[in-house]
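All remarks here apply to the structure that follows.
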Amino acid sequence: MTTPRRAPEVLLRRYWEDPDTPVVTAGLAALSVAYRAALVARDGAYRWRLLRTGRLPCPVVSVGSLTLGGSGKTPTVELAVRTIQEMGALPAVLSRGYGRATRGVQVVADRDAVRADARHAGDEPLLLAERLPGVPVVVGENRYEAGRVAIERYGATALVLDDGFQHRTLAKDLEILVAQGRAPWGNARVFPRGMLREPLSALARADCVVVTNPVGTDAVTAVLATVRRFNAHAAVLPARYRLHDVIETRSGRRLPIADLVGRRLLAFAGLGSPRGFADTLDAAGVRRTGFAEFPDHHWFTPADLTELVRDARAAGAQGLITTEKDWVRLRELPPPALPLWVLPVRAALESGLDTWQRLLAGALAPAALGRPCP
């Protein structure tokens with residue numbers, strides 16, 4: 001039986017970072033050609049209207065990425081929703097709800113309360129619902145149908161599409177692309193040879209590129225140079241994660257992240273690109289005794305926690321630390337035998353706030369009046 005930490009997704013992610021077997025590389029490259037061909041066929045189906053894109057009467061702001069997971073989409077969705085609220089509109093969030101046990105359109109949260117748990121909502125939609133009280137969150141494979149529910153039931157005047165860059169069933173008014181500051185395009189290869197969902201030429205569709213946690217100005221300059229190869233107009237804006245108080249899960253106690261400086265902790269995460277979380281901990285001064293990677297959206301088990309505690313004790317760690325998104329997927333389990341800390345993060349623009357507001361205001365137009373869509 002394959003353990004989660006030896007799952008194909010985790011091994012493939014490591015191989016992208018350190019390809020050491022020519023035969024495997026050649027095989028992945030061949031599969032990548034087939035994947036590209038499928039992308040071309042899909043694009044043609046929409047161009048020739050064999051597949052249709054529907055337009056709803058509300059403006060739609062899409063937040064997505066070119067890479068598989070881990071770019072900072074969820075904090076950027078939250079930032080977009082809060083900006084839209086400040087402009088007077090009534091936003092709702094639409095998501096696919098990856099990893100959920102349900103199918104079809106499901107209401108995760110309405111204006112009064114959260115209505116679904118993680119298994120029925122998916123981890124990211126539930127996290128957004130809890131971070132954005134009063135904002136409807138609706139999941140569905142077909143984002144057009146999910147949008148109709150948000151408009152008709154909850155009077156949404158603007159829709160924010162989570163992980164929507166590749167989504168085509170719903171017409172969009174603003175395309176926000178999120179790229180992580182560290183290795184923004186991975187190895188710049190298309191899946192499964194690399195972590196790109198589409199070739200870099202897809203940057204031509206972006207209206208704005210948000211670079212999360214860039215390491216200095218050179219990282220932003222490098223992203224800008226790549227974007228300009230395909231897109232002469234998209235704004236490129238740097239954003240930084242703001243670390244909130246860490247939460248000790250058994251007691252609910254909150255402490256400033258500075259109180260963990262020097263403390264020996266074993267970190268773990270089930271993210272598409274978990275290295276960013278490790279870098280955040282290192283920058284905050286947390287002494288990592290190790291880092292355990294799990295597949296993206298992994299549903300943790302008691303056995304996983306037992307193994308993590310065993311590894312932590314063997315490394316002399318004083319506890320465990322993970323992300324908010326991972327906590328959503330493990331908080332129904334019995335608590336581990338060591339303290340478990342959760343680190344919440346939020347995104348904030350380092351510069352270009354006026355550009356960000358101008359782009360969103362232009363997409364919203366009459367929706368900012370706060371009236372329901374016709």
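The values are calculated or read from the model by the stated rules, or taken from the named source; none is laboratory data. Note that the structure is predicted; figures quoted are calculated from it, not measured. Reconstructed Cβ throughout: ideal geometry from the backbone, glycine too, with neighbour counts over all protein chains shown. Remember, those area values only see protein heavy atoms, side chains included, never the ligands or the DNA or RNA. Shrake-Rupley method; radii C 1.70, N 1.55, O 1.52, S 1.80 Å.
What the table shows:
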item	result
Percent RCO, i.e. relative contact order, over the range 164-306, from Cα pairs under 8 Å lying at least 6 residues apart	16 percent
Amide H contacts under 5 Å for A292, placed H, 5+ residues apart	A267, F268, A269
Extension gain, R115 back to A26 (0.36 nm per residue minus Cα-Cα distance, nm)	27.3 nm
Over the range 220-374, relative contact order from alpha-carbon pairs under 8 Å, at least 6 apart, %	29 percent
Rough spin-label spacing in nm, given labels placed 7 Å along Cα→Cβ, for F291 and S251	2.9 nm
Scattering profile of the range 174-297 at q = 0.13, 0.17, 0.20, 0.23 Å⁻¹ [log10 I(q)/I(0), Debye over alpha-carbon scatterers]	-0.65, -0.97, -1.16, -1.35
Size of electric dipole in the range 17-83: Cβ of Lys, Arg +1 and of Asp, Glu -1, about Cα centre, debye, nearest 20	660 debye
Residues of the range 65-92 with amide N under 18 Å of the 7 Å Cα→Cβ point at Q357	79-90
Relative contact order (%) - criterion: Cα under 8 Å, at least six apart; region: the range 254-310	40 percent
Apportionment of accessible area to carbon and sulfur, the range 35-91, percent (1.4 Å)	57 percent
Inter-centroid distance (Cα atoms) of the range 23-100 relative to the range 292-323, Å	31 Å
Fraction of antiparallel bridges per DSSP, the range 174-328 only, in percent to nearest 5	15 percent
The chain - convex hull of alpha carbons, volume per residue in Å³	150 Å³
Dipole magnitude of the range 1-133 about its Cα centre (Cβ charges: Lys, Arg +1; Asp, Glu -1), debye to nearest 20	540 debye
Average accessible area per residue (Å²) across the chain - probe 1.4 Å, nucleic acids and ligands excluded	44 Å²
Span-like helix ranges in the chain, DSSP H, alpha carbon extent 15 angstrom or more, Kyte mean at least 0.5	22-47, 217-230
Most fluctuating residue given options P184, P214, P335, as computed from a GNM of the chain linking Cα atoms under 10 Å	P335
Rounded to 5, percent antiparallel among DSSP beta bridges of the chain	25 percent
